[in-house]
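These notes concern the structure reproduced below.
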Amino acid sequence: MKKQTKAIRTQTKKTQYREHSTPMFLTSSFTFDSAEQGKALFEETEDGNIYSRFSNPSVQEFVDKVCMLEDCEDGVATATGMAAVFASMAALLKSGDHIVACRALFGSAHQVITQILSKWGITYTYLDADASAEEWEAAVLPNTRMIYLETPSNPGLDLVDLEMIGRICKKHNLIFNVDNCFASPALQNPVDFGADLVVHSATKYMDGQGRVLGGVVVGKKEYIKELRFFCRQTGPSMSPFNAWVLSKSLETLTLRMEKHASNALELAKALDTHPDVKMVKYPFLLSHPQHELAKKQMRAGGAIVTIDLQGGFERVSAFMAALEIASLSSNLGDTRTIVTNPYTTTHAKLKPDEKLALGITEGLIRISVGLEDVEDLIQDFTNAVEVSVKSAILE
Ligand SMILES: *Cc1c(COP(=O)(O)O)cnc(C)c1O
């Protein structure tokens, strides 16, 4: 069976009621049939649920499905994507270790590396997404233990060559940890290129409908074992309710991502030829500087398109006011199209030169392309681009 079929057919064992859809296991704890069973479960001579901070059937079903979609042996689910990112580092790094990371990171991942891990004596080196193999290798120190990156990045849509980094990690015996949130397992599988761990914010495409928070780390058994211990003791567990929602959502992930990506490509093409849009970036547009790499490691370009509107915040404001369909929000990965101005919201905390290094200009708009009819989206965006040009000229 193909992995998509297996993921859809994966289900918690049926109860005596013969239900078709899995029930939700909203229970904090589980009972022991006897004192002996309680003892055996704690001694780990018997497998089974004890307490939902450690494990829960709804959560396990979600993890099993992600493992299938990412071709991974094992995994741990967490309350949010950031809990997954943090656990993937904190469980495996110790004081004195060094981490090499791509500069283009989700804002909170950047804060974890620079403000939190650094307090515990874990140092880091940042590289640009398009750094060469020699530059990546030169950043590896004797105490380097992990390379961490996102591809495509948020919001720059820069790509890192997964195969190249996989080779470097293997050569230097490093843990290769990839945040695969933007592509989702439907469009890219980092383990195909040597990743040891794959991290996701399930809040985004895995839910895909803007309802619940969640995170997951999947990968090599030896690392997941340490992560499981870390999560069991420190408690960033996923709620069974959220797991139930997310598990059902995974059954439509591939279908949704295909439509998200085709809508995104069509919208990107329409805006790319528009004279009033300064720049359009999308991995599967020929004009993307890493288009060839995108084709090599992704099955489609994803659902995020960025455009640069000349004219600063006033133009941005007029553009947003003119949109009739797209929502204004800082989130992404929803059935409903969302626009964000990273400069003033998600990345507002970065210093001006840090913003510049990531390509975050004042007029940058991140579009999380949804599942609406693409003709309506093209109409909405074209209209807002034109209206905002006129108002910018009038002022
Ligand atoms: C949203 C996001 C996260 C954090 O996920 P939360 O569920 O919000 O904690 C991490 N990485 C990327 C790339 C994201 O987009």
Among the residues of region 130-153, is any modelled with pLDDT under 95 and within 13 Å of the ligand (Cβ to nearest atom)? yes
Go through region 332-354 and count every residue that is farther than 17 Å from ALA104 by Cβ, open to solvent by less than 60 Å² (accessible area, probe 1.4 Å) and either of a type outside the set (Gly, Ala, Ser) or more than 16 Å from the ligand (Cβ to nearest atom) (or both). 6
For residues that are out of contact with any helix residue (DSSP H, G or I) (no Cβ under 9 Å at 6 or more places or on another chain) and modelled with pLDDT under 95, scanning just region 313-331, find the one that is least open to solvent (accessible area, probe 1.4 Å). ASN331
Is it the case that some residue within region 222-241 is within 12 Å of the ligand (Cβ to nearest atom), at negative phi and within 15 Å of the chain's Cα centre (by Cα)? no
For region 83-107, how many residues meet the condition of being open to solvent by 50 Å² or more (accessible area, probe 1.4 Å) and in contact with a helix residue (DSSP H, G or I) (Cβ under 6 Å, 6 or more places away or on another chain)? 2
Would you mind finding the one in ILE168, ILE113, ILE122 that is modelled with pLDDT of 95 or more, more than 12 Å from the ligand (Cβ to nearest atom), open to solvent by less than 50 Å² (accessible area, probe 1.4 Å) and in contact with a strand residue (DSSP E or B) (Cβ under 6 Å, 6 or more places away or on another chain)? ILE113
What's the number of the condition PHE182 fails, among (1) within 16 Å of the ligand (Cβ to nearest atom); (2) surrounded by fewer than 17 Cβ atoms within 10 Å (Cβ to Cβ)? (2)
Determine which single condition PHE193 fails, assuming it passes every other condition in (1) closer than 17 Å to MET298 by Cα; (2) away from the ligand (no atom under 12 Å from the Cβ); (3) under 16 Å from the mean Cα position of the chain (by Cα). (3)
Tell me yes or no: at least one residue of region 17-40 is out of contact with any helix residue (DSSP H, G or I) (no Cβ under 8 Å at 6 or more places or on another chain), part of a helix (DSSP H, G or I) and among the basic types (Lys, Arg). yes
Scan region 289-307 and give yes if some residue there is surrounded by fewer than 16 Cβ atoms within 10 Å (Cβ to Cβ), away from the ligand (no atom under 16 Å from the Cβ) and among the polar types (S, T, N, Q), otherwise no. no
Restricting attention to region 28-45, does a residue exist that is surrounded by 11 or more Cβ atoms within 10 Å (Cβ to Cβ) and closer than 30 Å to ASP196 by Cα? yes
Within region 184-238, the count of residues that are basic (Lys, Arg), assigned to a helix (DSSP H, G or I) and closer than 21 Å to LEU250 by Cβ comes to 1
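The values are calculated or read from the model by the stated rules, or taken from the named source; none is laboratory data. Everything numeric in this text was worked out from a predicted model, so none of it was measured. Please note: Cβ atoms are built from the backbone with ideal geometry, for glycine as well, and neighbour counts cover all protein chains shown. Protein only, heavy atoms only, side chains kept; ligands, DNA and RNA dropped before computing areas. Shrake-Rupley method; radii C 1.70, N 1.55, O 1.52, S 1.80 Å.
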